[in-house]
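Undergrad: Got a structure for you, written out below as structure tokens; questions coming shortly.
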Amino acid sequence: MGLIRFRPEEPESEDRMRRAHEYATQLLGEEYSPAHAMNEGAAMLRKVLDIPLAKAGYDALVRSCVASAWAILESVARDAWIDALNSRPNPLGQRAIGLLPGNAPAEDEI
């Protein structure tokens, strides 16, 4: 049997999930269940991570994912701020400039 691709938006996705479950049951026997598969995968990962070089690679991969996620968050926040300023430049810009040190609003402006 070839690679089974799962796309939830396709109408035949239920049939594909059923076939994937049947295929996994063929390979693993009757004890197959999604929970069993997760436990087996976690056990295998723990064995692999006992190897120092594999652990170092895994740690580098996780750190890279965290750094990428942070960069994405910063990019989204910057884009949202730029869109907000472009949509209402006067109120947002004046408020932001007024919060800078040395630019405190006078008492009569509050």
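Undergrad: Can you name the residue in region 24-41 that is assigned to a loop (DSSP other than H, G, I, E, B) and on the phi < 0 side of the Ramachandran plot and is also nearest to the chain's Cα centre (by Cα) among such residues? Lay out the reasoning, then the answer.
TA: Taking region 24-41 and keeping what is assigned to a loop (DSSP other than H, G, I, E, B), we get 29-33.
Adding the requirement that they be on the phi < 0 side of the Ramachandran plot leaves 30-33.
Working: Glu30: 33, Glu31: 31, Tyr32: 28, Ser33: 26 Å.
Taking the candidates together, the pick is Ser33.
A quick yes/no check of all residues on (1) at pLDDT below 80; (2) of a type outside the set (S, T, N, Q); (3) in the same structural domain as Arg95 (by TED's automatic domain parsing):
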| site | (1), (2), (3) |
| --- | --- |
| Pro11 | yes, yes, no |
| Tyr32 | yes, yes, no |
| Leu45 | no, yes, no |
| Asp83 | no, yes, yes |
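Undergrad: Output the residues belonging to region 42-68 that are exposed (fewer than 11 other Cβ atoms within 10 Å of the Cβ) and outside any helix (DSSP H, G or I).
TA: The answer is Asp50, and nothing else.
Undergrad: While we're here: Taking only pairs six or more apart or across chains, which ones have beta-carbon atoms under 8 Å, a first residue in region 84-96 that is in a helix (DSSP H, G or I), and a second residue that is at pLDDT below 80?
TA: Short answer, once both residue conditions are applied: Ala84/Leu92; Leu85/Leu92; Leu85/Gly93.
The values are calculated or read from the model by the stated rules, or taken from the named source; none is laboratory data. These figures come from a predicted structure and were not determined experimentally. Counting neighbours? That spans all protein chains shown, and the Cβs are built from the backbone with ideal geometry, glycine included.
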